[in-house]
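To keep things clear, I will list the structure first and then write my remarks on it.
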2 protein chains.
Amino acid sequence: MKATIKSIYNDTDKYLNQQIELEGWIRTSRSSKAFGFIELNDGTFFKNIQIVFEEGLENFKEIEKLPLSSSIKVKGILVTTPEAKQPFEVKASEIEIEGYSTAEYPLQKKRHTFEYMRTIAHLRPRANTFNAVFRVRSVLAYAIHKFFQERGFVYVHTPIFTASDAEGAGEMFRVSTLDFNNLPLTEDKKVDFSKDFFGKEINLTVTGQLEAEAFALAYKDVYTFGPTFRAENSNTARHAAEFWMIEPEIAFADINDNMQLAEDMMKYIIKYVMENAKEEMEFFNNFVDKGLFERLQNVVNSDFGRITYTEAVELLKKSGEEFQYPVEWGMDLQTEHERYISEKVFKGPVFVTDYPKEIKAFYMRLNEDNKTVAAMDLLVPGVGEIIGGSQREERLEVLEQKIIDNGMDPEDYWWYLELRKFGGTKHAGYGLGFERAVMYITGMSNIRDVIPFPRTVKSAEF
Amino acid sequence: MKATIKSIYNDTDKYLNQQIELEGWIRTSRSSKAFGFIELNDGTFFKNIQIVFEEGLENFKEIEKLPLSSSIKVKGILVTTPEAKQPFEVKASEIEIEGYSTAEYPLQKKRHTFEYMRTIAHLRPRANTFNAVFRVRSVLAYAIHKFFQERGFVYVHTPIFTASDAEGAGEMFRVSTLDFNNLPLTEDKKVDFSKDFFGKEINLTVTGQLEAEAFALAYKDVYTFGPTFRAENSNTARHAAEFWMIEPEIAFADINDNMQLAEDMMKYIIKYVMENAKEEMEFFNNFVDKGLFERLQNVVNSDFGRITYTEAVELLKKSGEEFQYPVEWGMDLQTEHERYISEKVFKGPVFVTDYPKEIKAFYMRLNEDNKTVAAMDLLVPGVGEIIGGSQREERLEVLEQKIIDNGMDPEDYWWYLELRKFGGTKHAGYGLGFERAVMYITGMSNIRDVIPFPRTVKSAEF
């Protein structure tokens, strides 16, 4: 009977004392003169299964010497091992070699640094830590889809190629099919982008929000989940040039509905991963971040706090803490401030709302006070900001003025403005950086270690 | 009690004869002197709900004149309408205006061409056809995730930025942060890409397959689902510069396992969409493609045929058909040939396998005959090829030779070759173009009409 390690762990009784067939890779192996033991992993489950093979095996000598990561097919009987650490093992009657490895296999049985592992990104998912990271990444991605789809949200693929610069950040990647060594020029000796693939200058998107708004005004509740790009020259543990983002957008909804949605989502996805990647999460809690479960349970079980930016600034000023960046109303909060508020004041997740308009994007709704906008950032202990969002400006004239005030051209935003002209509604949304979420849920501290093949400044291997 | 149109259709009894609150957009409206009728849609469901309002309403005159697509909040009682076409309606006691529209709203109640609708992509999801298309797109995307996740596949985000050209097609988009009007040059006057963001030439990916293979050799079963890019200068109804692709990759598996997976997937996702987007699918069957249900049922209920390329060529030659492209062994099959095989010969979906090696990619496994490779294309009636895949070449020396034969440099593929060195296994995979799948399942015939904001040659609006 064909089996996988996952099927055996999930339904042991079905396979116990049966003749089974398994395929997988050798994680470790050792032998004495009469016996050999292989820890086999077949990729379906975090844990290995032990294979015992005996001298009587026709190819005993060859199996015994197989280099790590060789792939084999095993036939044998699954038996319980009441006296051993593992609950069961397979007594092999036949082992067939599927693919040889060599002694140069870079993942020999010793500790490797995460830095080294990045140089073998094609092999690192075979190592425990990364195997756990990328399975959690997959389970988390699914949890996000499940959360939104079960609530009737429509998944929108917003475009990657864009002519606009939604964040006004300017740090974008240009895309072109022009011959760089022979660029077409206009009469005034500038590059002639009308000759380019799209007939104009095109960049890679930094957000799908504006397009998501168009769809929210048709479907009420929508979300995006796709790659976004920043050409930021920051070589930090939290920045990548290419990362995935989730951006829900909800119509007939205000900033409070938005916070409720974010809170519900965070609790749902954490619970889902804890339940559906148990072994991996235990590994992280034991070996990567000892306080992980406590921190995540705290999120699941707490009511998220809410505080305005203005109140937060007051608290920080009165705190008596020595901050590297002294706090003044009008400044953006730094990670040290964010962590103080969530870790010391609220001891849990907290939304900070109503930031000064000058430090937030043009599309955020202007509050009555004319000084703040209906922004909301979710701060969590250990990290700081994990979600940023806002109620959107739905008033045509106010939005138009804000576009102008931000030095942008309303012409470029004609369709975005039209959304306010033809039956606009109150609406809101937020962005969750997917990699930040993976880091938060696994306790991994470098973004390069939660992306299968990370792309950062001066680095795009594989 | 708050309600949505979806909740009312799903659980009518709960709301019947109750005071309810609804929010949505006016799709159509008409009135006589004493009564008014609004067809309201709130985005949660394909169908509208009828709102009846009476002269007694305080703002009767204003509501009566609201332009299409204005957004309103309705309070009223849900009542059955046994004599009318619709099963129920809402007798409004209060209608509040949330957002005005104007008489210039481009989607007035008349037929518009799909070409025109592309010029208002920000509004077209408010029209029936596109509302149905983009909801089906969302449901289909979820069905794909559900299918793979339920089977234990790991979802891998393969990189968008790439230094390699996996298909050898050469039609890629270059990405850069260099100043085009002031490009840095090397000593021999070529563009100096070492000064670029990644320190070298980078393109947008055309496939995630090679990276997915690395993960399949750790997890056994994986899949990708992400955007891919082709800078093909083809202005056809089937080509876009940016489209999404699904690429499963399975280890310890051959071409037959691969075909079985593709067949299971196709049946699963079609069934899922038929069940979870019923109203939309009925709309397509009635108004877009009259033969749709018959065609899809045929796929769900049939065993997919299997035929080798060589046999297919024989059949085509003997068919007596007048093809635009005469058939010879060695040539790639054209759509006319593919459709003949699936529509006339098999009257259903069919896998064509074992194509001449010259017309297929370097990574496909060379067959014993040394002339063909273990490729598989799935052909379906009405479309032709919808899936392309293969068993991969797992033999290191054979793969190395094929890379050289294809004029590529083995050095560039060092990590891909290493996958064959360190415990390689038999493995296989395929690609499904997501937009092709949406077109197939909805009957829509232009790829521009199934992408929220399509990007094609000379066109990247919004």
Exercise. Any idea which of (1) over 29 Å from B:Glu150 (Cα atoms); (2) surrounded by 15 or more Cβ atoms within 10 Å (Cβ to Cβ) is the one A:Lys290 doesn't satisfy?
Worked result: (2)
For this session: Filter the helices (runs of 4 or more DSSP H) completely within the stretch B:1-64 down to those with at least 3 residues that are surrounded by fewer than 14 Cβ atoms within 10 Å (Cβ to Cβ).
Result: B:12-15
For this session: Check A:Ile72 against each of (1) modelled with pLDDT under 95; (2) surrounded by 17 or more Cβ atoms within 10 Å (Cβ to Cβ) and name the one condition it does not meet.
Result: (1)
Exercise. Within the set of pairs 6+ apart or on separate chains, which have a first residue in the stretch A:50-74 that is farther than 29 Å from A:Arg124 by Cβ, a second that is assigned to a loop (DSSP other than H, G, I, E, B) and at pLDDT below 95, and C-beta atoms under 8 Å apart?
Worked result: A:Glu54/A:Ala34; A:Glu55/A:Lys33; A:Glu55/A:Ala34
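Can you tell me which residues in the stretch B:432-448 are away from chain A (no Cβ under 14 Å), under 27 Å from A:Trp415 (Cβ atoms), not in a loop (DSSP other than H, G, I, E, B) and not polar (S, T, N, Q)? Lay out the reasoning, then the answer.
Looking only at the stretch B:432-448, we keep the residues that are away from chain A (no Cβ under 14 Å), and these are B:432, B:436, B:439-446.
Those left that are additionally under 27 Å from A:Trp415 (Cβ atoms): B:439, B:442, B:444-446.
Then keep just the ones that are not in a loop (DSSP other than H, G, I, E, B); that gives B:439, B:442.
The one that is away from chain A (no Cβ under 14 Å), under 27 Å from A:Trp415 (Cβ atoms), not in a loop (DSSP other than H, G, I, E, B) and not polar (S, T, N, Q): B:Met439.
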Seminar exercise, completed: Residues of the stretch B:36-62 being more than 14 Å from chain A (Cβ to nearest Cβ), under 24 Å from B:Tyr9 (Cβ atoms) and of a type in the set (A, V, I, L, M, F, W, C), in sequence order, are B:Phe37, B:Ile51, B:Val52, B:Phe53
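Out of everything in the stretch B:186-206 that is under 12 Å from A:Asn181 (Cα atoms) and more than 9 Å from chain A (Cβ to nearest Cβ), what residue ends up being surrounded by the fewest Cβ atoms within 10 Å (Cβ to Cβ)? Don't jump to the end; show me each part of the working.
Here is the first cut: in the stretch B:186-206, the ones under 12 Å from A:Asn181 (Cα atoms) are B:186, B:188-193.
Restricting the remaining residues to those that are more than 9 Å from chain A (Cβ to nearest Cβ) gives B:186, B:188, B:192.
Values: B:Thr186: 11, B:Asp188: 6, B:Asp192: 14.
Per the stated criteria, the residue is B:Asp188.
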Seminar exercise, completed: B:Glu411 meets each of (1) surrounded by fewer than 20 Cβ atoms within 10 Å (Cβ to Cβ); (2) within 11 Å of chain A (Cβ to nearest Cβ); (3) in a helix (DSSP H, G or I) with one exception, condition (2)
For this session: For the stretch A:26-35, enumerate the residues that are of a type outside the set (Val, Ile, Thr) and within 14 Å of another protein chain (Cβ to nearest Cβ).
Result: A:Arg27, A:Ser29
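Can you name the residue in the stretch A:214-240 that is within 16 Å of the chain's Cα centre (by Cα) and of a type in the set (Gly, Ala, Ser) and is also modelled with the lowest pLDDT among such residues?
Keep residues of the stretch A:214-240 that are within 16 Å of the chain's Cα centre (by Cα), which gives A:223-230, A:237-240.
Those left that are additionally of a type in the set (Gly, Ala, Ser): A:226, A:237, A:240.
On the way: A:Gly226: 98, A:Ala237: 92, A:Ala240: 95.
Of everything passing the filter in the stretch A:214-240, A:Ala237 is modelled with the lowest pLDDT.
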For this session: For the stretch A:14-25, state whether one or more residues are more than 11 Å from chain B (Cβ to nearest Cβ) and out of contact with any strand residue (DSSP E or B) (no Cβ under 7 Å at 6 or more places or on another chain).
Result: yes
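With touching a Leu at 6+ places or on another chain (Cβ under 8 Å), assigned to a strand (DSSP E or B) and within 14 Å of chain B (Cβ to nearest Cβ) as the only criterion, which of A:Ile97, A:Ile120 stands out?
So the residue among A:Ile97, A:Ile120 that is touching a Leu at 6+ places or on another chain (Cβ under 8 Å), assigned to a strand (DSSP E or B) and within 14 Å of chain B (Cβ to nearest Cβ) is A:Ile97.
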Seminar exercise, completed: All-but-one check, B:Glu83 against (1) farther than 22 Å from A:Leu217 by Cα; (2) under 39 Å from the mean Cα position of the chain (by Cα); (3) among the charged types (D, E, K, R), failing number (2)
Exercise. Does B:Pro125 fit the bill of being over 20 Å from A:Phe134 (Cα atoms), at the interface with chain A (Cβ under 8 Å from one of its Cβ atoms), buried (at least 21 other Cβ atoms within 10 Å of the Cβ) and not charged (D, E, K, R)?
Worked result: yes
For this session: Could you please give the count of residues in the stretch B:212-242 that are within 9 Å of chain A (Cβ to nearest Cβ) and under 21 Å from A:Val175 (Cβ atoms)?
Result: 7
Problem set entry | Selection status of A:Leu178, more than 22 Å from A:Pro410 (Cβ to Cβ) and more than 10 Å from every other protein chain (Cβ to nearest Cβ) | no
Seminar exercise, completed: Reported set for the stretch A:353-369 where residues are surrounded by fewer than 18 Cβ atoms within 10 Å (Cβ to Cβ) and in a helix (DSSP H, G or I) is A:Glu358, A:Ile359
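The values are calculated or read from the model by the stated rules, or taken from the named source; none is laboratory data. Everything numeric in this text was worked out from a predicted model, so none of it was measured. Neighbour counts run over all protein chains shown; Cβ positions are idealised from the backbone, glycine included.
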